[in-house]
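Chemist: Here you go, one structure.
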There are 2 protein chains.
Amino acid sequence: MSIFQLHPQLQQDCFLLGRFELCQVLLVNDSQFPWFILVPQRENIREIYQLTPDDQITLIQESSYLAKNLAEIFNADKLNVAAIGNLVPQLHLHHVVRYQTDKAWTAPIWGKFAAVPYTEQQLNELLERLTPLKLLQ
Amino acid sequence: MSIFQLHPQLQQDCFLLGRFELCQVLLVNDSQFPWFILVPQRENIREIYQLTPDDQITLIQESSYLAKNLAEIFNADKLNVAAIGNLVPQLHLHHVVRYQTDKAWTAPIWGKFAAVPYTEQQLNELLERLTPLKLLQ
């Protein structure tokens, strides 16, 4: 049996909020955007199509559950959902809450601004808002 | 019965290659990147989670079929798959073939460079390479 390990770059940049059946649910430590990442707990997978057909279905179900909840919790103008992975080879799916008033709109956010870490108070407030999100742990 | 209509901006920027069961398959008219877009033929949908659960499954199946074929046909270093939609509100899923030698690597390509349209010869060569891709029409 192999043990899934989160990529060190994702460990460094994110908080682990919990897990769904397939994915770890991460919060990117950047207070400029509500920005979440799903990471399927499967080894040596870089592209969505490399997952098994069943895992692909679970991924889109978990992604949609997360996106719908984020849209409601944050009253989003738009969700940006993306598997890019040019820098971090472990498959990970970004979910970014976007507002027409955010600093990058209408552009995508990736690679545009240095992260601004959450303060402890901001982080606690954010975690409070996320309570409708049902995580396995 | 309502008739699905492709958003005018996508009509303007892309060639329609054909269809899968759910999605129209578009080629973006930008010779700098092999860049394809899937558009679910459903009206008034802006986010993946707004599709029915069955349509979501079909979408990820069609996306993975397209991505796997593109990776093989173009010998890609990476696929970038994304639903952004900050500018065009009709749900559309980008599939961009990326190379470590392309002009935007490692950044995402969206909004970075003005499109460079294909010449007729380039387009014909590209369509020839795409013949392994099985489209409904």
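Any read-out appearing in this document is the output of simple, stated calculations on the displayed coordinates, not a laboratory observation. Remember, predicted model here, so these are calculated numbers, not experimental data. For neighbour counting, all protein chains shown are included, and Cβ atoms are generated from backbone atoms with ideal geometry for every residue, glycine included.
Chemist: Can you list the distances in nanometres, one decimal and ascending, from the B:N124 label point to the identical position in each other copy, with the point 7 Å along Cα to Cβ?
Modeler: Ordered by distance, the counterparts are at 6.9 nm.
Chemist: Hey, rough spin-label estimate for B:F4 and B:V88, points 7 angstrom out along Cα→Cβ, what's it come to in nanometres?
Modeler: That separation, rounded to one decimal, is 1.4 nm.
Chemist: Also: Once you list every other residue whose beta carbon is under 15 Å from the beta carbon of A:L26, what net charge do they have if Lys and Arg are +1 and Asp and Glu are -1? Each step should come with its number before you reach the end.
Modeler: Details: positive: A:R19; negative: A:D13, A:D30, A:E62.
Net local charge, A:L26 excluded: -2.
Chemist: Over the whole of B:87-94, what's the average partner chain Cβ count within 10 Å per residue? Rounded to a whole number, please.
Modeler: Working: counts 4, 0, 1, 0, 0, 0, 2, 1.
Average neighbour count from other chains, rounded to a whole number: 1.
Chemist: By how many degrees, between 0 and 90 and to the nearest 10, does the Cα long axis of helix B:120-129 differ from the longest principal axis of chain B?
Modeler: 70
Chemist: Which value, in debye to the nearest 20, gives the size of the charge dipole of the stretch B:14-106 about its Cα centre, when Lys and Arg are +1 and Asp and Glu are -1 at the Cβ?
Modeler: Numbers: 7 positive and 10 negative charges, 43 e Å.
Computed about the Cα centre, the dipole is about 200 debye.
Chemist: Along Cα-to-Cβ, 7 Å out, sits the label point; list in nm, shortest first, how far the one on A:T106 is from those in the other copies.
Modeler: A:T106 label point versus its equivalents elsewhere: 2.9 nm.
Chemist: Further, regarding this structure: Within the set of other residues whose C-beta is less than 10 Å from the C-beta of A:L79, count the net charge using Lys and Arg as +1 and Asp and Glu as -1.
Modeler: After counting each charged neighbour, the total is +2.
Chemist: Suppose the chain between B:T119 and B:Y99 were pulled fully straight at 0.36 nm per residue; how much longer would it get relative to their current alpha carbon spacing?
Modeler: Fully extending the segment from B:T119 to B:Y99 adds 5.1 nm.
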